[in-house]
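See below for the structure under consideration.
The values are calculated or read from the model by the stated rules, or taken from the named source; none is laboratory data. Just so you know, these numbers come straight off a predicted model, no measurement behind them. For neighbour counting, all protein chains shown are included, and Cβ atoms are generated from backbone atoms with ideal geometry for every residue, glycine included. To get the accessible areas, we keep the full protein, side chains included, count just its heavy atoms, and leave off ligands, DNA and RNA. Shrake-Rupley method; radii C 1.70, N 1.55, O 1.52, S 1.80 Å.
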Amino acid sequence: MSSNHRNPTDTMILRPFRRRQFLLGACAAGLVLVGRAVSADASLGPAEFIAGLGDRAVSALTGPDLTQAERETRFRELLDDHFDVPAIGKFVLGRYWRSATEEERQEFLELFEKLLVRSYANRFAEYSGESFEVKGVREEADGQAIVQSLVIRPSAENVRVDWRVVRQGNEYRIIDVIIEGLSMAVTQRDEFASVIRSKGGKLAGLIDVLRQKVGQQQS
């Protein structure tokens with residue numbers, strides 16, 4: 001389908017990403033100010049794990065001479081090291097994951113990661129004085145915990161951000177980011193389900209939309 005005749009439902013996935021980029025960008029910028037050595041070592045605790053992302057982020061993503069490609073490559077490394085992208089992808093597909101072929105699952109996960117990287121990597125280039133504070137931890141079942149934090153913005157309202165992390169062996173991984181009470185994973189799941197329904201209930205329809213989105217970001 002040409003861009004001049006795109007089904008309005010195809011853009012449903014684009015608008016929410018722009019809305020959430022604004023808040024998640026503040027979170028990303030806030031993380032870069034936390035000056036602790038990064039480690040996923042579960043012996044440090046979930047709060048230290050989240051706080052520790054800052055040092056690696058600031059050294060890897062905020063250099064003024066970084067090209068877009070370099071920043072995306074480094075952001076992808078952070079994503080792969082500290083987020084459980086396959087688990088998030090499986091969750092956001094919901095019941096459609098179970099009926100998907102292995103080929104569809106693989107392509108979806110690849111496109112989903114590309115979309116995350118290209119949507120958020122360059123937010124680090126927009127750092128403008130935000131700071132980040134870990135405020136507390138709420139332990140949950142199955143090795144999960146919610147790390148509560150606040151992004152302090154000098155010229156706007158502060159943003160409350162909770163990070164859902166899960167212990168996997170001797171390491172932690174992030175499986176959701178909850179901004180002002182809104183779960184990114186749940187919101188994305190609802191949006192993807194809406195697109196799939198509009199495409200006749202076929203995962204292939206969502207994959208086509210993701211291909212278009214990733215292609216637009218490359219151009």
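Structural remarks
- Close amide H contacts of residue 158 (hydrogens built in the peptide plane, cut-off under 5 Å, sequence separation of 5 or more or a different chain): 153.
- Accessible carbon and sulfur surface of the stretch 176-219 relative to its total accessible area, %, 1.4 Å: 51 percent
- Less than 5 angstrom separates the built amide H of residue 171 from those of 42, all sequence-distant by 5 or more or on a different chain.
- Net lengthening on full extension, residue 106/residue 70 (0.36 nm per residue, minus Cα-Cα): 10.5 nm
- Centroid-to-centroid separation of the stretch 172-219 and the stretch 60-102 [C-alpha atoms, Å]: 13 Å
- Computed from backbone phi, the HN-Hα couplings of the stretch 74-87 come to 5, 5, 4, 4, 4, 4, 5, 6, 10, 10, 8, 4, x, 5 Hz, rounded to whole numbers (Karplus: 6.51 cos²θ - 1.76 cosθ + 1.60, θ = phi - 60°; Gly and Pro given as x).
- Here's how it looks for residue 137: its modeled amide H is under 5 Å from those of 148, which are all 5 or more places away or on a different chain.
- Among the GluC sites (Glu not before Pro) within the stretch 154-219, those in coil by DSSP and having at most 12 neighbouring Cβ atoms inside 10 Å are 157, 180.
- A viscosity of 0.890 mPa s and a temperature of 25 °C, combined with the Kirkwood radius over C-alpha pairs in the Stokes-Einstein formula, give the stretch 84-219 a diffusion coefficient of 147 µm²/s.
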